[in-house]
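The values are calculated or read from the model by the stated rules, or taken from the named source; none is laboratory data. If you're wondering where the values come from, they're calculated on a predicted model, not measured in any experiment. Quick reminder, even Gly has a Cβ in these numbers, built from the backbone with ideal geometry, and neighbours come from all protein chains shown.
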Amino acid sequence: MKKIMITAFSLALLAFPSMGLADAAPGDKIITLGKNLTEAQKDSMLSEMGADDSAQVIEVTNEEEHKYLGNYIPKAQIGTRAISSSAITIEESGAGLEVNTKNVNWVTDEMYLNALMTAGVKDASIQVSAPFEVSGTAALTGLLKAYEVSSDEAIPEDVKQVANEELVKTAELGDKVGQENASALMAKIKEDIAKNGVPETDAEFRELIETSANDLGITLSEEEINSLVALFNKMKDVNIDWNQVGQQLDQAKDKISKFIDSEEGQNFLDQLKEFFIALWDAIIAIFSNKDNA
């Protein structure tokens, strides 16, 4: 099981205005179950996610998966059964997002975080699991569905579509340039838009994307550039509050700075330093042994 807190790049990928969890209170839990689980598997998932009498449980269907991901992921990859399940527990304001995953082999923790932040979800603990290894797409669909239930406010359909497309395109780009590089590129582009305004033409978007990629040492193909131009044009059409995006980026930087300055952050850096010293000593020892052989 993996557990990660939001990183600077993950925080930077917030692309849409936040929709507050108006009707949810800290401690409230919403659980989504894949509709094609057996009764025994459903009971196992509920137990694993700590469901009690107050937990709200909803089902996610394979049809819903195809509705929101079918334009961006091959049908065979989505599959024909909704198996993966999830839970959202609302936390105190300012707690941030935290994700735990188990038996998910395609949708990464970062992808879940990106999709949730794109939809405006914040301050929640997320669990994603399945009784055996699955792609995890049902849980992704379910988490957005759970958010709508918890907030009693529908996420606009065009926002859902753009959020899912961003999620998939970032992940696919990450397969070629690295997940961290892909996330950094998206963050850098958005930061520029927040500071300097939304480009008005395809040519201006292209220039921004190419400049951002060059600054990060990332080489993009013509196809990848065109794909990102199309994506950001769609973002422009759904009227993103870019001022809020800029604020989210600034908050992300503040959070990382505070962590580095904290005792926990300093301990982490000390441990990292000791690791590399030990690694370097091991490398020297290997070559020394070769010289003495």
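Figures for the structure shown
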read-out	value
Condition check for residue 194: among the aliphatic types (A, V, I, L, M) and at pLDDT below 85	yes
Qualifying residue in segment 109-124 (condition: at pLDDT 75 or above and among the aliphatic types (A, V, I, L, M))	yes
Single unsatisfied condition, residue 4 versus (1) modelled with pLDDT of 90 or more; (2) within 20 Å of the chain's Cα centre (by Cα); (3) among the aliphatic types (A, V, I, L, M)	(1)
Residue within segment 59-82 that is surrounded by 18 or more Cβ atoms within 10 Å (Cβ to Cβ), small (Gly, Ala, Ser) and within 23 Å of residue 121 (Cβ to Cβ) present	yes
Candidates 134, 168 - the one that is in the same structural domain as residue 68 (by TED's automatic domain parsing) and either among the hydrophobic types (A, V, I, L, M, F, W, C) or modelled with pLDDT under 90 (or both)	134
Any hit, segment 112-127, residues being surrounded by 21 or more Cβ atoms within 10 Å (Cβ to Cβ) and within 16 Å of residue 67 (Cα to Cα)	yes
Residue that is surrounded by 13 or more Cβ atoms within 10 Å (Cβ to Cβ) and at pLDDT below 65, where the choices are 232, 268, 276	268
Residues that are in contact with a strand residue (DSSP E or B) (Cβ under 9 Å, 6 or more places away or on another chain) and of a type in the set (Asp, Glu), drawn from segment 21-64	28, 48, 52, 59
Filter result for residue 93 (assigned by TED's automatic domain parsing to the domain that holds residue 107, crowded, with 22+ Cβ neighbours inside 10 Å, within 24 Å of residue 26 (Cα to Cα) and of a type in the set (Gly, Ala, Ser))	no
Strands (runs of 3 or more DSSP E) (entirely within segment 52-157) containing at least 1 residues that are in contact (Cβ under 8 Å) with a residue 40 or more places away in the chain and within 17 Å of the chain's Cα centre (by Cα)	85-90, 97-101, 124-129
Which numbered condition residue 174 misses (of (1) crowded, with 21+ Cβ neighbours inside 10 Å; (2) touching a helix residue (DSSP H, G or I) at 6+ places or on another chain (Cβ under 6 Å))	(1)
Total residues in segment 151-171, condition under 28 Å from residue 28 (Cβ atoms) and of a type in the set (Ser, Thr, Tyr)	1
Given (1) outside the structural domain of residue 35 (by TED's automatic domain parsing); (2) farther than 18 Å from residue 32 by Cβ, index of the condition residue 163 fails	(2)
Residue 32 vs. criteria of a type in the set (Val, Ile, Thr) and more than 17 Å from the chain's Cα centre (by Cα)	yes
